[in-house]
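Computed from the coordinates by the stated procedures, all read-outs in this text should not be read as laboratory data. This one's a predicted model, so the numbers in the text were calculated from it and none came from an experiment. Glycine also receives a Cβ, built like all others from the backbone with ideal geometry; neighbour counts cover every protein chain displayed.
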Amino acid sequence: FGGCGGCQTQEPHTSTKKTSTLITSAPKSGEIEGFAIASCGMCNFNYRGSRGCSLTIKIGDKVYPVEGTSMRNHGDPHTSEGMCNAVRVAYVSGEIKNKKFYSDSFTLIESPE
């Protein structure tokens, strides 16, 4: 939990619900949970770590290929809101290790109606 340190609460910070934060940097532990930018790495993030289209997340300036799910698991990547044509927001949890994101959960956020 971030903060300025000004509040000198003695209560422990515990979380019983999912976070609503945008992940802007990966912690040293590699464990992440929150909102991340997601798209095709080659088409939208200039990622050259794979030979073709692949699902990636972007945290800060770093792009991580996603293991555990694929673009096709989240619809046709070539529609107007598909991963090759749009940069999306996803709620993710998992771990970053060896420059890859290993997904325990990956849910695209849908457009409001």
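Couple of notes before you dig in:
- Distance between the modelled labels on S93 and S105, one decimal in nanometres: 0.3 nm (7 Å Cα→Cβ projection).
- Each label point was placed 7 Å from the Cα along the Cα-to-Cβ direction; for K62 and H78 their separation is 3.4 nm.
- Whole-Hz ³J(HN,Hα) from phi, Karplus 6.51 cos²θ - 1.76 cosθ + 1.60, for region 57-67, glycine and proline x: 10, 10, 10, x, 9, 9, 10, 10, x, 9, 10
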